[in-house]
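> Right, I'll just put the structure down here and ask away after.
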Amino acid sequence: MTLYELKPRFQALLRPVVQDLAHRGTTANQVTVAAAAGSLAIGVLAAVGMLVAESPTLFLLFPLWLFLRMALNAIDGMLAREHGQQSALGAYLNELGDIVSDLALILPLGALPGFTLAQVGTFALLAVMVEAAGLVGPLAGASRRYDGPLGKSDRAFAVGAIALWAGLGLGFGAAASWLWLALSLLSLFTIANRVRHGVAEARARTAE
């Protein structure tokens, strides 16, 4: 069970908003670009606040933005599917935008006390590999894989929780290293799951 499985319920709540945006002429690609740009802005602000003012307060923006980003990600997909806006460019923007957003929100955590850029950078790299493992599915004859336990939505929840804790001025102490180790191991497990299930699906399709 991952947060991704709650997506249909979330989409149902957003559908009136999506319909209104479609009527106003808003496009899926505009929403996708806005989500990536917003993530970059929030990440840079938080990092600058930490490096220049030595204040983690701006990391409190992360949980709020991550929730809004999740909504924007759902909205762009619904605009594309339900309002005839699917396009090759949109597919590229959607996948690349998610990776840009992830990096923009994960890497600034390396500026927090108790964390090292190596720890955070390793997790950021694994986050990219998790998404790559999902994207390879169609190339291997399977579907786009969203297997957990640490997919995009769950990763966002973890990043938001870390940022909230830090923004409140609470330290991680000796748990810092174990935290990133656990997240990295969960990412590796997620990669393995996506590969394993993708291969099994491709073989099953071939056997049909």
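> Considering only region 173-195, I want to know if a residue exists there that is surrounded by fewer than 19 Cβ atoms within 10 Å (Cβ to Cβ), outside any helix (DSSP H, G or I) and more than 17 Å from the chain's Cα centre (by Cα).
yes
> Right, next: Among the residues of region 71-100, count how many are closer than 19 Å to V136 by Cβ and among the acidic types (D, E).
Adding up the residues that qualify gives 2.
> Here's another thing I want to ask about it. Output the number of the condition that S55 fails; it satisfies all remaining conditions of (1) more than 20 Å from the chain's Cα centre (by Cα); (2) touching a residue at least 12 places away in the same chain (Cβ under 8 Å); (3) farther than 24 Å from A127 by Cβ.
The number of the failed condition is (2).
To keep it simple, each residue is scored yes or no on (1) more than 14 Å from the chain's Cα centre (by Cα); (2) not aliphatic (A, V, I, L, M).
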site	(1), (2)
D76	yes, yes
A91	yes, no
F115	yes, yes
A124	no, no
L139	yes, no
Y146	no, yes
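> Find the residue count for region 46-62, including only residues that are over 15 Å from G160 (Cα atoms) and in contact with a Gly (Cβ under 7 Å, 6 or more places away or on another chain).
Result for region 46-62: 1.
> Now for a separate question. Only one of L109, L96, L105 is aliphatic (A, V, I, L, M), outside any loop (DSSP other than H, G, I, E, B) and either modelled with pLDDT under 95 or surrounded by fewer than 21 Cβ atoms within 10 Å (Cβ to Cβ) (or both); which?
L96
The values are calculated or read from the model by the stated rules, or taken from the named source; none is laboratory data. Owing to the predicted nature of the structure, the values given are computational and were not obtained by experimental measurement. Quick reminder, even Gly has a Cβ in these numbers, built from the backbone with ideal geometry, and neighbours come from all protein chains shown.
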